[in-house]
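Worksheet for the structure shown next.
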Amino acid sequence: MKHAAALVTILCTSLTLSLCVEAHEDERIPDGAPDRVGEVLFPISCNAAAQQEFNRAVAMLHSFLYPTAGKTFARVTELDPACAMGYWGVAMSWWYPLWYPPTKDSLKQLHSMDYLVYAYLQGGQSGAAQTVVNDLIAVVVEDAARTLPVDYALAAAPARFALEQRRWADATALTPRASRFPATQALTHYARAIGAAHMGTPSEVTREVQSLAQIRDALLQSKQDYWAKQVEVQRRSAEAWLVKAAGDIPQAIALMRSAVDLEESTYKHPITPGQLLPARELMGDLLLESGQPRQALAEYERSLQLNPNRFNSLYGAARSAELLDARDKAALYYRQLLELSQAGDGTRSELAQAKLFLAGR
């Protein structure tokens, strides 16, 4: 979308000039009663509930109610996870005027750019996602400005871009960035592991699983239990695919199930729009590839309840239903996938398959 694309340009230019900074509560940014703002009509291509909330958020933004606007834009993304303009609004809420003094070690806008990548990928907008990823890769951040949100976004966006689109070779080619936050490096090792598993190189998967175990142990030793659990989810998921490649499907399913249970016993950190690949969605993938479409369908449907409007879960559910000859259900999910991707660039093969199936009904 044009507005979001403009945001990327603004953010990256500002990052180069070191002017984009994170606002903290002690900056005393003006806030106030949201019911005192005027009315704004800003048409976007998102669902009706998201449109209404977006209008409120823009009115707050124009009234300089930045913290409240940010929360309202976040609500837009909850109402319609594929609404790129919602993520644009989250980022704009961090874009305070220069008369507010910046705090050091802060580049929160990078966090919002990872949200944009997520939104574009769910909407089948591969080209737009690629642009944001390229811009992120080009950003040079001084060590003094490195924060957890910064390093997380820099690691997550390229990994997310490769994994979500099944670009396994690209995933294996990722290089972990130097960081004092081990959990961000784990994202790259995890992406490399999943990529290598699909590329048929078990020795590489084993090496990445070992790296994930080392990072998990280091996080436990430093009492970062939340991030240790996240890395353990990644380690178990990667090991499940390693075991699957060795032909032990029951053990692979058991490992993947334990990853699902662990992930769903925790919560989503606000630093991320979502896991690189939800464990339950990955469970669906494993079952589908193992010739168990009925069980896969159940996992995809549950994943969609937890993470609505995910491109890959919708496709997985549609494909599973198709294999079960549940044609009405397959059509339902294929239609939802195409609706979600109305603004897409048509490069995803899954969209072609959806159209082919629906044309044959």
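The values are calculated or read from the model by the stated rules, or taken from the named source; none is laboratory data. Since we're looking at a predicted model, the values are computed, not measured. Cβ: placed from backbone, ideal geometry, glycine included. Neighbour counts: every protein chain shown.
So the values come out like this:
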{"read-out": "Boolean, THR16 is exposed (fewer than 15 other Cβ atoms within 10 Å of the Cβ), modelled with pLDDT under 50, under 24 Å from the mean Cα position of the chain (by Cα) and among the hydroxyl-bearing types (Ser, Thr, Tyr)", "value": "no"}
{"read-out": "Odd one out for ALA321, checked against (1) closer than 30 Å to ASP225 by Cα; (2) part of a helix (DSSP H, G or I); (3) in contact with a Pro (Cβ under 9 Å, 6 or more places away or on another chain); (4) among the hydrophobic types (A, V, I, L, M, F, W, C)", "value": "(1)"}
{"read-out": "Matching residues in the stretch 63-76 - criterion: being part of a helix (DSSP H, G or I) and more than 19 Å from TYR120 (Cα to Cα)", "value": "TYR66, PRO67, THR68, ALA69, GLY70, LYS71, THR72"}
{"read-out": "Residue check, ASP31 part of a loop (DSSP other than H, G, I, E, B) and either over 19 Å from the mean Cα position of the chain (by Cα) or modelled with pLDDT of 85 or more (or both)", "value": "yes"}
{"read-out": "Test: residue in the stretch 220-228 that is within 22 Å of the chain's Cα centre (by Cα), buried (at least 24 other Cβ atoms within 10 Å of the Cβ) and without any contact (Cβ under 8 Å) to a residue 40 or more places away in the chain", "value": "no"}
{"read-out": "Which numbered condition MET113 fails, given (1) in contact with a Ser or Thr (Cβ under 7 Å, 6 or more places away or on another chain); (2) within 20 Å of GLU78 (Cα to Cα)", "value": "(1)"}
{"read-out": "Candidates GLU289, GLU263 - the one that is under 20 Å from LEU306 (Cβ atoms) and either exposed (fewer than 15 other Cβ atoms within 10 Å of the Cβ) or of a type in the set (Asp, Glu) (or both)", "value": "GLU263"}
{"read-out": "Qualifying positions in the stretch 149-178 - surrounded by fewer than 20 Cβ atoms within 10 Å (Cβ to Cβ) and small (Gly, Ala, Ser)", "value": "ALA169, ALA173, ALA178"}
{"read-out": "Count of the stretch 38-62 residues which are touching a residue at least 24 places away in the same chain (Cβ under 8 Å), over 18 Å from THR77 (Cβ atoms) and assigned to a loop (DSSP other than H, G, I, E, B)", "value": "1"}
{"read-out": "Qualifying residue in the stretch 194-217 (condition: within 29 Å of PHE73 (Cα to Cα), in a helix (DSSP H, G or I) and out of contact with any helix residue (DSSP H, G or I) (no Cβ under 7 Å at 6 or more places or on another chain))", "value": "no"}
{"read-out": "Single residue of ALA352, ALA330, ALA279, ALA321 found to be under 24 Å from the mean Cα position of the chain (by Cα), surrounded by 16 or more Cβ atoms within 10 Å (Cβ to Cβ) and at pLDDT 95 or above", "value": "ALA279"}
{"read-out": "Enumeration of residues in the stretch 63-92 that are of a type in the set (A, V, I, L, M, F, W, C) and either without any contact (Cβ under 8 Å) to a residue 60 or more places away in the chain or farther than 22 Å from ASN307 by Cβ (or both)", "value": "PHE64, LEU65, ALA69, PHE73, ALA74, VAL76, LEU79, CYS83, VAL90, MET92"}
{"read-out": "Filtered residues of the stretch 218-251 (kept if of a type in the set (D, E, K, R), over 27 Å from PRO149 (Cα atoms) and not in a helix (DSSP H, G or I))", "value": "ASP248"}
{"read-out": "Number of positions in the stretch 190-214 that are in contact (Cβ under 8 Å) with a residue 40 or more places away in the chain and closer than 19 Å to LEU277 by Cα", "value": "7"}
{"read-out": "Residue selected from the stretch 39-77 under the condition among the hydroxyl-bearing types (Ser, Thr, Tyr) and more than 12 Å from GLY89 (Cα to Cα), by the criterion surrounded by the most Cβ atoms within 10 Å (Cβ to Cβ)", "value": "SER63"}
{"read-out": "Search result, residues across the stretch 219-273 that are hydrophobic (A, V, I, L, M, F, W, C) and closer than 26 Å to LEU110 by Cα", "value": "LEU219, TRP227, ALA228, VAL231, VAL233, ILE271"}
{"read-out": "Residues that are within 13 Å of GLY274 (Cα to Cα) and assigned to a helix (DSSP H, G or I), drawn from the stretch 301-310", "value": "SER303, LEU304, LEU306"}
{"read-out": "Which listed residue is without any contact (Cβ under 8 Å) to a residue 60 or more places away in the chain, of a type in the set (Asp, Glu) and under 21 Å from GLY274 (Cβ atoms), from ASP217, ASP170, ASP248", "value": "ASP170"}
{"read-out": "Number of the condition not met by ILE271 [criteria: (1) assigned to a helix (DSSP H, G or I); (2) within 28 Å of MET113 (Cα to Cα)]", "value": "(1)"}
